[in-house]
């Protein structure tokens, strides 16, 4: 690694630089108030939630792989697992791609990005509901896409509706119920 060679200007060079900067009408120097405003914009402010600590620890490879297999947010999941194992008070909020799960007045509230919410007695129930709702949306989208491929001339809405009716009919047939 090479060292940088920093050249400090002499007083005469410094005066020339300042004079040239002051002479530039397109770029006037900042006032003390403008400098203060720039400095205050950069500060972040007090952290609203509890402070987390950055740590470095060695974990077994299969543990890390299992956590990362769940996708983004694996460190948050690791934190939740540690909290559960240590029997600590539950953390604030858990997020999936489309849902937020948080404890509110003794129950677990599941809220979608669109604002719909439901209440569940345990966090596990709320998380499984989020997973079920997400998979239902994915299966509905794939059924619509499949129906569009089979019926390219129809409009997407009518194709989606017919795919939904077809899926409901299959479900009724498998349970033995009639229309």
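The values are calculated or read from the model by the stated rules, or taken from the named source; none is laboratory data. Computed from a predicted model, the values in this text were never measured in an experiment. Using ideal geometry, Cβ is built from the backbone for each residue, glycine included, and neighbour counts are taken over all protein chains shown.
Computed quantities for the displayed model
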quantity	calculated
Subset tally (residues that are over 22 Å from residue 70 (Cα atoms) and surrounded by 12 or more Cβ atoms within 10 Å (Cβ to Cβ)) for the range 118-136	3
Test: residue in the range 17-29 that is surrounded by 10 or more Cβ atoms within 10 Å (Cβ to Cβ), touching a helix residue (DSSP H, G or I) at 6+ places or on another chain (Cβ under 9 Å) and modelled with pLDDT of 85 or more	no
Condition broken by residue 105, with the remaining ones in (1) closer than 22 Å to residue 167 by Cα; (2) modelled with pLDDT under 75 satisfied	(1)
Single residue of 174, 128, 146, 139 found to be farther than 22 Å from residue 81 by Cβ, assigned to a helix (DSSP H, G or I) and modelled with pLDDT of 70 or more	174
Top-ranked residue in the range 30-85 [being touching a helix residue (DSSP H, G or I) at 6+ places or on another chain (Cβ under 9 Å), farther than 23 Å from residue 122 by Cα and in a loop (DSSP other than H, G, I, E, B); ranked as modelled with the highest pLDDT]	59
